[in-house]
Every structure is written in C-alpha cells, then in structure tokens.
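Remarks on the structure that follows.
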Amino acid sequence: MLFSGAMTALVTPFKNGAVDEDAYRALIEWQIAEGIHGLVPCGTTGESATLTHEEHERVIGICIEQVAGRVPVLAGAGSNNTEEAIRLTRFARKAGADGALLITPYYNKPTQEGLYRHFRAIAGAVDIPLVPYNVPGRTGCNMLPATLGRLARECPTIVGVKEATGDLHQGSQTIAACPRGFSVLSGDDFTALPLMSIGGSGVISVTSNIMPGAMSRMCTLFKEGNLAEAARLHHELYDLHQAMFVESNPIPVKTALALMGKMDLELRLPLCPLSDAHLDELRAALHRHALIA
C-alpha cells in the first residue's frame, strides 16, 4: 500500500510575506528523523488556498527535493476547477511526487455524478496515483461511499481517500465500498486509531507537525498488533488533537511550531493570530507534552 501510516499535512512557513524555504526544509528533515511515514505539502494545513500558483509549485518542489525519496510525498493538487486540478496534478507528476491529493470541488456543490466526472477526468488526464480528499466541513459537499467505490473500481490510479468527515459510519461504508488494498486515510487526528481499527490505512495528520514521532509510533504499534499501546498513545495525544483545532486549522499548529522555535509565526489573511484565551490553552497543552518549557 503506497500511502499508509502517519503522513503529515505540512504547514507552509512564511517569513516577511514569502515562503520560508530554510524553515520548511528544516521541518521536513525533522519529520523524517522522527520517523514519519509520509509528507503532504500544499493541503489545507499548508494554506494552499492563499498560495500563488508559483508558490504552490515551489512548495511542492522543495518538499520533493528535500525528501529525496526517503518517504512518499503526496502533493496537494486539487481545485474546484477540473482543468486547474489537472494542471496542478500534471505539475505534481512532473516534479516527482508519489501521488496527488485532490480536494473535492468546493463552493460549486457538484452532484455525485459531477464528483465522479471530475475525478474521472483527472485520472484520465494524468497517470499518477490519486487520493481524493473528502472534507464536507470545508467544501460544502460530501463524496459518498458509493461514488468513491465506483471511482476506485473504474480508475486504477485512484488508490485511496483522505476521509475527513469524522464519521466512522461513513468510514466503514467507504472501506466496504472500495476494493481490497484501497487506502482509506483518516483526515482527522481524533479518528485515526478508530478508523484503522475497522480497516483504515493510517492518517494524514495535523498533530504530527508537532509530534511526528508519537503519531508514527501509534500507527506502527497498531500495524504490529499492539493495540493496547496504540490506544494508550491515542489517549495521551488526545488533548493535543483538541488543541490543534481550538481555532481554524492551521492557526493553532503554526502557533505551536512558532512557540517550539521551528519557524516564525506568520499567517496569511483571512487567517489571523490565535486569541489570547486559546493561546493560553495551547501553551498549557504544549507544556504538558514537554514541547515547550
């Protein structure tokens, strides 16, 4: 299975309004040293919505170059415009990504048939492993298990899904609807272990930006059959999962990384700094896990 275990939905560090390449490369090196199983640049956590096309391509290029084949890179390449998604996916393939993560079209609110045609068009245009990203809370549309199963059966390059509904009922239906070997990755740190317990493959994680070793270890323990220890880690990390979402992602995780000295705290509007009350809450969680003094 190409995409499994703990994969980090990487933040994009900024400095003085531009991508901070040095901080980004250092973050990637730290992630790999900590044992992460894969990296995902230019997703929601990477503030892809406010990157220019040139920045988007540069961020993916830096990640692939720095990783140098040590772990899989699943590059964010989706759009609510099918032709733009094809263009971004072609770039990901040309740059050497191991696959492309494709958000379901947002704002347009396509029907299930429209979703099917969108992903079928991308699969027909670009020969690279594809992972649709289903996150109704962000996009306003929900790709149902039957639609995903249809795509997985008809398009061999559609190899997985980032399932971010937070709904284990839908997760279970998705696993049942798709072929054996299809990678169902949790898009919510909260449901990573529960989803794996019913047949999921791993997680595309926000929390692993700040605790990559623990998130990858939890997934490895589960794969090895040590459910008790995996469950212990799940519960140990739960307060951090909550802290990562006290305000819109990636505001808390970028704040945490800044507090940890990994990068400057810089967000792009319309995202803005964490409120004082939530900052105190975040600091407390980081302190409990010995991530800050």
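Points worth noting:
- Looking at Glu54, Glu47, just one residue is loosely packed, with under 15 Cβ neighbours inside 10 Å and either closer than 19 Å to Ser208 by Cα or over 15 Å from the mean Cα position of the chain (by Cα) (or both), and that residue is Glu54.
- Cβ pairs under 7 Å, 6+ apart, first in the stretch 242-258 and small (Gly, Ala, Ser), second surrounded by 23 or more Cβ atoms within 10 Å (Cβ to Cβ) and not in a helix (DSSP H, G or I): Ala256/Ile210
- Test: residue in the stretch 1-8 that is part of a helix (DSSP H, G or I) and either touching a Leu at 6+ places or on another chain (Cβ under 6 Å) or surrounded by fewer than 18 Cβ atoms within 10 Å (Cβ to Cβ) (or both): no
- Filtering the stretch 11-23 to residues that are touching a Ser or Thr at 6+ places or on another chain (Cβ under 8 Å) and either surrounded by fewer than 24 Cβ atoms within 10 Å (Cβ to Cβ) or under 11 Å from Pro212 (Cα atoms) (or both) leaves only Val19.
Table: residues versus (1) of a type in the set (A, V, I, L, M, F, W, C); (2) touching a residue at least 24 places away in the same chain (Cβ under 8 Å); (3) in contact with a His (Cβ under 7 Å, 6 or more places away or on another chain); (4) farther than 20 Å from Leu271 by Cα.
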residue: Val19; (1), (2), (3), (4): yes, yes, no, no
residue: Ile28; (1), (2), (3), (4): yes, yes, no, yes
residue: Val40; (1), (2), (3), (4): yes, yes, no, yes
residue: Thr52; (1), (2), (3), (4): no, no, no, no
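- The residues listed here are Thr82, Thr8; of these, the one that is within 26 Å of Pro136 (Cα to Cα), in contact (Cβ under 8 Å) with a residue 60 or more places away in the chain and touching a helix residue (DSSP H, G or I) at 6+ places or on another chain (Cβ under 6 Å) is Thr8.
- Helices (runs of 4 or more DSSP H) lying entirely in the stretch 195-293 (those with 2 or more residues that are among the small types (Gly, Ala, Ser) and loosely packed, with under 15 Cβ neighbours inside 10 Å): 276-288
- Taking the criterion of being touching a Leu at 6+ places or on another chain (Cβ under 7 Å), closer than 18 Å to Glu163 by Cβ and not aromatic (Phe, Trp, Tyr), the residues of the stretch 112-135 that qualify are Gln112, Pro129, Leu130, Val131, Pro132.
- Residue among Ser197, Ser201, Ser216, Ser208 that is of a type in the set (Ser, Thr, Tyr) and more than 24 Å from Gly99 (Cβ to Cβ): Ser197
- Within this structure, Ile62 passes the test of being over 12 Å from the mean Cα position of the chain (by Cα) and in contact (Cβ under 8 Å) with a residue 40 or more places away in the chain.
- On the stretch given as the stretch 65-77, residues that are in a helix (DSSP H, G or I), in contact (Cβ under 8 Å) with a residue 12 or more places away in the chain and either under 18 Å from Ile128 (Cα atoms) or not polar (S, T, N, Q) (or both) total 1.
- Out of Ile198, Ile122, sole residue that is of a type in the set (A, V, I, L, M) and within 21 Å of Thr89 (Cα to Cα): Ile122
Bear in mind that the values in this text are calculations on the coordinates, not laboratory data. As the structure is a computational prediction, the values presented were derived from the model and not from experiment. Every residue, glycine among them, receives a Cβ derived from its backbone with ideal geometry; neighbour counts consider all protein chains shown.
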